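Peer 1: Okay, handing you the structure first.
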Amino acid sequence: MNSGPTITKQKLNIIMKKKVNLVKEFFFEKAEDYSFFLEEPELLENFITKCVTLARRSIELKYFIRYLKEEVNLNSCYFFENISLTENVEIEMHHYPFSLFDITEIIVRDLLINKPKESFSSFLVASTVVKLHYEKLIGLIPLSKTVHQLAHAGKLSIPFNSIFGNVDKFLIKYKSFIDIDKLKQIEKILNESNKTINENNKILNKKILYNNDQVEFKNKILKMIEEKEVNK
């Protein structure tokens, strides 16, 4: 069924450069028609960025974050217990060890490669990303705005068992669509975390909803790296 104008690669390039909101412009026919994304790094990055924006701004994700703060009590900065919503300080959810961009890229690759005959759009990608949050497969940790900035700058080591979300299940489900460079980057993060985390970092005594085992997770990462190296 044709639910939008015909999109050529040339037109897609123009739309991307003009930063037009994709979901308002068109709905792709089939994922296989846009597999060229995987060969065009700049196009792929621009598209993923748009999907991230859609997911981040969605009312559904905002409701989920609100649920975590109000019902799961993830309403205090992990590193500073006294910094919480009650202190009128903004508490943000940090995606870890996969960033929101990483997660979105993985979903894009899954849809393009694994579901080539299905419809494909930025809205579909964003909706899938949000759904994974509701399924609690996304790693999250509450941080104050300033601490969150430090985390993105790589200045903090985050205890792996402090993460809310079953990241191990996410890893297994999407292992085919996580590239080797990302796996090595996560391995490095885990190594640094293991070196620097000590009792002084464990400021909050929160209930851990998922027993994320760092050693087990790292071993799976290493195994995936080895498999991808062999299959190069």
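Peer 1: Would you be able to tell me the number of residues in the range 132-182 that are crowded, with 19+ Cβ neighbours inside 10 Å and of a type in the set (Phe, Trp, Tyr)?
Peer 2: Summing the residues that are crowded, with 19+ Cβ neighbours inside 10 Å and of a type in the set (Phe, Trp, Tyr) in the range 132-182 gives 3.
Peer 1: Out of the range 128-160, which residues are free of Cβ contacts under 8 Å to residues at least 60 places away in the same chain and among the small types (Gly, Ala, Ser)?
Peer 2: Ala151, Ala153, Gly154, Ser157
Peer 1: If we keep just the residues of the range 104-127 that are part of a helix (DSSP H, G or I) and either free of Cβ contacts under 8 Å to residues at least 12 places away in the same chain or out of contact with any helix residue (DSSP H, G or I) (no Cβ under 6 Å at 6 or more places or on another chain) (or both), which is surrounded by the most Cβ atoms within 10 Å (Cβ to Cβ)?
Peer 2: By that ranking, first place goes to Leu124.
Peer 1: When both residues are 6+ apart or on different chains and their Cβ atoms are under 6 Å apart, which pairs have a first residue that lies in the range 62-80 and is within 23 Å of Thr146 (Cβ to Cβ), and a second that is part of a loop (DSSP other than H, G, I, E, B)?
Peer 2: From residues that are within 23 Å of Thr146 (Cβ to Cβ), the pairs are Leu68/Leu74; Lys69/Asn75; Tyr78/Leu204; Phe79/Ile203.
Peer 1: In addition: Within the range 82-100, identify whether any single residue is modelled with pLDDT of 85 or more and assigned to a helix (DSSP H, G or I), and answer yes or no.
Peer 2: yes
Peer 1: If Leu100 satisfies every condition in (1) crowded, with 19+ Cβ neighbours inside 10 Å; (2) in contact with a Cys (Cβ under 9 Å, 6 or more places away or on another chain) but one, which is the exception?
Peer 2: Unmet condition: (2).
Peer 1: Within the range 129-220, considering only helices (runs of 4 or more DSSP H) that don't extend past its boundaries, which have at least 1 residues that are modelled with pLDDT under 75?
Peer 2: Result: 180-196.
Peer 1: Turning to a different aspect of this structure: I'd like to verify a number: residues in the range 51-71 that are surrounded by fewer than 15 Cβ atoms within 10 Å (Cβ to Cβ) and not in a helix (DSSP H, G or I), how many?
Peer 2: Going through the range 51-71 one residue at a time, the tally reaches 1.
Peer 1: For the range 116-133, indicate whether the set of residues that are farther than 30 Å from Leu43 by Cβ and among the charged types (D, E, K, R) is non-empty.
Peer 2: no
Peer 1: Can you tell me which residues in the range 91-102 are within 8 Å of the chain's Cα centre (by Cα) and without any contact (Cβ under 8 Å) to a residue 60 or more places away in the chain?
Peer 2: Result: His95, Ser99, Leu100, Phe101.
Peer 1: I've got another one for you. Considering each residue of the range 103-144, count those that are charged (D, E, K, R) and touching a strand residue (DSSP E or B) at 6+ places or on another chain (Cβ under 8 Å), and give that number.
Peer 2: 1
The values are calculated or read from the model by the stated rules, or taken from the named source; none is laboratory data. Note that the structure is predicted; figures quoted are calculated from it, not measured. A quick note on method: Cβ atoms are made from the backbone with ideal geometry, for glycine too, and the neighbour counts reach across all protein chains shown.
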